[in-house]
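Read the structure below first, then the notes.
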Amino acid sequence: MANAPTVLITGATDGLGRALAHRLARDGAALLLHGRDPDRLARTAAEVGASHPAGAAPATFRADLADLAQARRLAAEVREHTDRLDVLVSNAGIGAGEPDGRDRRTSADGHELRFAVNYLAGFALTLDLLPLLRASAPARVVNVASLGQHALDFDDLMLERGYHGIRAYGQSKLAQIMSGIEFARRVPAEEVTFNSLHPSTYMPTKMVLTELGHHVDTLEAGVEATYRLVTDPDLANTTGAFFDRTRPARPDPQAQDPAARAQLWRRSLDLVGHPGID
């Protein structure tokens with residue numbers, strides 16, 4: 001990887017994404033920051049730029065990932081902005097409850113909201129940025145997932161029956177992990193690696209504090225675990241793995257089922273309207 005890698009972080013205006021941006025800025029990384037709110041995105045970029053040894057302000061990209069058209073536009077804007085992308089950190093997401101609601105909601109495309117934001121948007125973004133990542137080899141994709149996982153029901157993927165926010169969240173996070181394994185099967189590790197992690201448990205992010213009112217682990221612990229997957233040279237050839245913080249871990253058994261992963265892959269390509277990997 002380049003000495004000063006180019007890193008795109010989705011969901012960079014709060015919590016783990018913002019703190020990771022500060023950590024990478026101190027290394028001199030060229031940062032591309034995504035957010036939904038333009039004012040928060042501008043403030044974050046200014047603050048992160050102040051952490052950079054050269055005072056370099058990150059490039060910013062605004063998109064609402066509840067809308068697949070905006071996720072695709074985000075990828076196009078990144079491709080127009082840079083001819084190199086060393087790392088994609090797919091971090092943007094919503095939790096199991098407030099501030100995004102405990103009832104079932106849908107995205108702009110009519111998909112169950114948590115599945116759409118936490119999984120489908122990142123899946124589409126990864127597909128659209130894959131040629132740029134491969135051209136920047138060796139590159140990495142890091143999915144910020146969770147130990148909170150729930151097996152997918154392919155007969156009710158959008159959870160129209162028996163909806164619960166925790167189930168929806170867990171399904172979306174398992175889908176991230178499963179797709180990471182499938183990407184790793186299709187793309188050589190010397191070109192791009194794909195790994196997922198549970199960064200820490202109930203960090204003091206807006207999502208956690210709004211819903212629970214307290215935290216368990218520190219934000220710094222989550223940043224260090226994620227930073228390791230972004231930068232550690234010892235992980236240069238590790239792909240298709242899942243980590244609990246810094247330890248290798250086994251996700252839900254459905255992730256080990258090749259037929260389930262293949263079905264998710266096919267359904268996901270159809271949902272995002274993508275032909276797949278050449």
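Beta bridges from DSSP with both residues in region 1-106: antiparallel share about 0 percent, rounded to the nearest 5. With a simple spin-label model that places each label point 7 Å from the Cα along the Cα-to-Cβ direction, the separation between A151 and R84 comes to 4.6 nm. Specify the residue with the greatest mean-square fluctuation among T126, T226, T106, computed from a Gaussian network of the chain linking alpha-carbon atoms under 10 Å apart. Maximum fluctuation in the GNM of the chain, among the listed residues, is at T106. The Rg/Rh ratio for the chain is 0.93, where Rg is the radius of gyration of the alpha carbons and Rh is the Kirkwood radius.
For the residues E191, E80, E224, a 1.4 Å probe over the protein chains yields an accessible-area ranking, largest first, of E80, E224, E191.
For the chain, the antiparallel share of DSSP beta bridges with both residues in that region comes to about 10%. For the chain, the membrane-span-like helices by this rule, meaning whole DSSP H stretches whose C-alpha atoms cover at least 15 Å of axis and whose Kyte-Doolittle mean is 0.5 or above, are 121-135; this says nothing about an actual membrane. Here the accessible area is traced with a 1.4 Å probe on the protein chains. For region 1-91, carbon and sulfur cover 43 percent of it. Stokes-Einstein diffusion coefficient for region 61-110 at 37 °C in a medium of 0.692 mPa s, Rh from the Kirkwood formula over Cα pairs: what value in µm²/s? So the translational diffusion coefficient is about 255 µm²/s. Once region 143-182 is represented by equal point scatterers at the alpha-carbon sites, with solvent omitted, what log10 I(q)/I(0) does the Debye formula produce at q = 0.23, 0.29, 0.35 Å⁻¹? Once normalised to I(0) and log-transformed, intensities are -0.70, -0.99, -1.22.
In the context of the full set of protein chains, residues of the chain present 41 Å² of accessible surface per residue (probe radius 1.4 Å, heavy atoms only). Classify region 1-64 from the C-alpha gyration tensor, please: rounded if a/c falls under 1.5, else prolate or oblate depending on whether a/b exceeds b/c. Taking the square roots of the gyration eigenvalues as a ≥ b ≥ c, region 1-64 is prolate.
Size descriptors for region 1-153: radius of gyration and Dmax over Cα atoms are 15.3, 49 Å.
The values are calculated or read from the model by the stated rules, or taken from the named source; none is laboratory data. All of these numbers come straight from a predicted model, not from anything done at the bench. Positions of Cβ are generated from backbone atoms using ideal geometry, with glycine treated the same way; all protein chains shown enter the neighbour counts. Ligands, DNA and RNA are stripped out before the accessible areas are found, and what is left, the full protein with its side chains, is counted by its heavy atoms. Shrake-Rupley method; radii C 1.70, N 1.55, O 1.52, S 1.80 Å.
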